[in-house]
Amino acid sequence: MNSPNLVKISVSVLCLVAAGCSSSDADQIKEHSRIVSSCSNSARMALNGWRMNQLPAPFVQQTLRSTRRNVQNAASKIEALRHADRTQRELVSRSLSEIIDLLAQAQNQVALGDHDTVQTATKLSDAIERLNLTSGMRRST
């Protein structure tokens, strides 16, 4: 099996495994955020591997593309949760939009052969952390 297909399968399986039945909108926000966090961290690791010339560009491009689709799907599902706390939903949606934009930026960098992706990967990591905090997955102390 070639790398792009393996990425599709791996990301999809990871996202399906992370998904679960939730009893409330708040629980669904947490579950979708957990999926996004996991997928986005995988994309960030792939981007870092590419930056260090350890992963081929097509593999990384496919990983970024798959992750971006999964994040967009989660964003749509969270936006549809009309009974969720409005402020939390807006904060989570803002984080998801930022992650989508950063994944697009990373895709462009890889497409252009720009291996200087440290800043993009760092921003992606920060956006994932904000998502975790705003979705209730982790509380700051």
**Q.** Selection count, region 84-99, where residues are among the aliphatic types (A, V, I, L, M) and within 14 Å of Arg44 (Cβ to Cβ)
**A.** 1
Q. Of the numbered conditions (1) under 14 Å from Ser42 (Cβ atoms); (2) open to solvent by less than 10 Å² (accessible area, probe 1.4 Å), Leu131 satisfies every one except a single condition; which is it?
A. (1)
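The values are calculated or read from the model by the stated rules, or taken from the named source; none is laboratory data. Just so it is clear, the structure is predicted and the values come from calculations on it, not from any experiment. Glycine also receives a Cβ, built like all others from the backbone with ideal geometry; neighbour counts cover every protein chain displayed. With ligands, DNA and RNA removed, areas are computed over all heavy atoms of the protein, side chains included. Shrake-Rupley method; radii C 1.70, N 1.55, O 1.52, S 1.80 Å.
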